[in-house]
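Colleague: Got a structure for you, written out below as structure tokens; questions coming shortly.
The values are calculated or read from the model by the stated rules, or taken from the named source; none is laboratory data. Quick caveat, the model's predicted, so the values are computed rather than measured. Cβ atoms come from the backbone with ideal geometry, glycine included; neighbour counts cover every protein chain shown.
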Amino acid sequence: MNADSDVAHPAASAPNALAVAADGNVHRPLDRSARVFVAGRRGLVGSAVCRHLRREGFTDLGGPTSAELDLRERRAVFAWFADARPDVVVLAAARVGGIKANATRPTEFLSDNLRIQVNVLDAALEHGVERLLFLGSSCIYPKLAEQPIREEALLTGPLEPTNDAYAIAKITGILQVQAVRRQYGLPWISAMPTNLYGSGDNFHPKHCHVLPSLIRRFHEAKESGARSVVNWGSGSPRREFLHVDDLARACLHLLEHYDEGGPVNVGTGTDLTIRELAELVRQVVGYQGSVEWDPSQPDGTPRKLLDVSRLTALGWAPRIALREGLAQTYAWYVENLGTDALRH
Ligand code: GFB
């Protein structure tokens, strides 16, 4: 708890307040029967978090889907919280997309994400939710931040223009979590994942992120016998990729072992060029044709490799290597072709 909090919130004195062990670290297992609301539970991140929590013994993972509750609707969100009274909230709901979706629809990325966040965080405060994890993104950091990017780089320089609207929305979420900590003494926390992938990803040909896009493109080219594929940009930007099941483990780990206002980076600590990624995907998919690049498409930020030392110091490490995660994601894609899971 923050020593500088001057207003006691009802939940701040709850019996399940965080305990700090003799080694100075937070060790406080969440009660496996707690009511957990994973906002965005049908999405890539939310579904992985639910799978992990279930595996870890959580029994009360309720919460509506976006079809059942529009988190942009403030009254509906407050009414749901008043009725459901969750003990723990993981805020994984967001409007997300790849470089083109972000660049062409900044209005929705800003407005939808701000409304989702403010509504859920305000309702969680109003209803005394003591434990909350807010999920952001590595695009909150300045475009030309020193690499690998430490959490302290936040707000030290201009953002990447292709996703500045999304980034600003996520930055306000971090600030709201910090404000609640300062003002009400609640141990809410924020995590900033790097580029994510895995089962349940969005494979929309125009709006998705690079990794599902490459899987789809190479697969379709293999099936149709196309001689070449054309990827976007120069292929020279560097990106870091984390399997969403590793992120899910990090989420629970942070809820149980972290109690500071600063965001925590979640990544693997290694990156590769988009060209290298394309070669890996080509091999995993088994496409034999040639690979071309279209420099008229945006590259985005040149590099965004996260410094993950804050998280690894807490005892977490990624487990899924990129090639293994790619193979698993490609298998999921093939299994789900023609099903609702791929209709975005
Ligand atoms: O994954 P991606 O869309 O997002 O693109 P960002 C990463 C890189 O892959 C860019 C290149 O340099 C793209 O030009 N790329 C090559 C492709 N071929 C393709 C393709 O077929 N599809 C896509 N999508 N990219 C997003 C942000 O940035 O990252 C979001 O816009 C969010 O806000 C997300 O933070 C994690 O890594 O550039």
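Colleague: It is to be established whether one or more residues within segment 11-25 are modelled with pLDDT of 70 or more and of a type outside the set (Asp, Glu).
Modeller: For segment 11-25, residues modelled with pLDDT of 70 or more and of a type outside the set (Asp, Glu): present.
Colleague: Sticking with this one: Just to check your reading of the model, which residue among 287, 330 is in contact with a Phe, Trp or Tyr (Cβ under 6 Å, 6 or more places away or on another chain) and either touching a residue at least 24 places away in the same chain (Cβ under 8 Å) or away from the ligand (no atom under 16 Å from the Cβ) (or both)? Talk me through it step by step, then tell me what you get.
Modeller: On the way: 330 fails: in contact with a Phe, Trp or Tyr (Cβ under 6 Å, 6 or more places away or on another chain).
On inspection, the qualifying residue turns out to be 287.
Colleague: For segment 44-63, name all the residues that are at pLDDT 95 or above and either at positive phi or assigned to a loop (DSSP other than H, G, I, E, B) (or both).
Modeller: If the condition is that a residue be at pLDDT 95 or above and either at positive phi or assigned to a loop (DSSP other than H, G, I, E, B) (or both), then 56, 57, 58, 59 are the ones that fit.
Colleague: Something else: Taking segment 155-187 as the region of interest, how many residues are more than 16 Å from the ligand (Cβ to nearest atom), free of Cβ contacts under 8 Å to residues at least 60 places away in the same chain and not in a helix (DSSP H, G or I)?
Modeller: Taking segment 155-187 as the starting set, the residues that turn out to be more than 16 Å from the ligand (Cβ to nearest atom) are 155-157, 175-187.
Right, trim to free of Cβ contacts under 8 Å to residues at least 60 places away in the same chain and you get 155-157, 175-176, 179-180.
Cutting the leftovers down to not in a helix (DSSP H, G or I) gives us 155-157.
Number of matching residues: 3.
Colleague: If I ask for residues that are assigned to a helix (DSSP H, G or I) and buried (at least 19 other Cβ atoms within 10 Å of the Cβ), which ones from segment 127-152 would you list? Reasoning before the result, please.
Modeller: Quick first cut of segment 127-152, residues assigned to a helix (DSSP H, G or I) only: 138-140, 151-152.
Passing the criteria: 138, 139, 140, 151.
Colleague: If you check every pair at least six apart or on different chains, which have Cβ atoms under 7 Å apart with a residue in segment 96-115 that is part of a helix (DSSP H, G or I) first and a residue that is within 7 Å of the ligand (Cβ to nearest atom) and of a type outside the set (Phe, Trp, Tyr) second?
Modeller: Going by the 7 Å Cβ cut-off, the qualifying pairs are 99/162; 99/298; 99/300; 102/162; 102/163; 103/162; 103/298; 109/102.
Colleague: Continuing with this model, one more query. Given the criteria surrounded by 22 or more Cβ atoms within 10 Å (Cβ to Cβ), assigned to a loop (DSSP other than H, G, I, E, B) and of a type in the set (Gly, Ala, Ser), does residue 300 qualify? Outline the logic, then answer.
Modeller: Values: surrounded by 22 or more Cβ atoms within 10 Å (Cβ to Cβ): yes; assigned to a loop (DSSP other than H, G, I, E, B): yes; of a type in the set (Gly, Ala, Ser): yes.
For residue 300, the condition - surrounded by 22 or more Cβ atoms within 10 Å (Cβ to Cβ), assigned to a loop (DSSP other than H, G, I, E, B) and of a type in the set (Gly, Ala, Ser) - is met.
Colleague: Anything in segment 152-191 that is in contact with a helix residue (DSSP H, G or I) (Cβ under 6 Å, 6 or more places away or on another chain) and farther than 19 Å from residue 122 by Cα? List them, or say none.
Modeller: The answer is 159, 162, 163, 165, 166, 167.
Colleague: Being small (Gly, Ala, Ser) and closer than 15 Å to residue 114 by Cβ is the filter here; which residues of segment 150-170 pass it?
Modeller: Within segment 150-170, the first condition is being small (Gly, Ala, Ser), and the residues that meet it are 153, 157, 165, 167, 169.
Within segment 150-170, 165, 167, 169 qualify.
Colleague: While we're here: Determine whether segment 134-153 contains at least one residue that is under 21 Å from residue 74 (Cα atoms), at pLDDT 95 or above and more than 13 Å from the ligand (Cβ to nearest atom).
Modeller: Going residue by residue through segment 134-153, those that are under 21 Å from residue 74 (Cα atoms) are 134-136.
Now narrow it down to the ones that are at pLDDT 95 or above: 134-136.
Then drop every residue that is not more than 13 Å from the ligand (Cβ to nearest atom), which leaves 134.
Yes: one or more hits.
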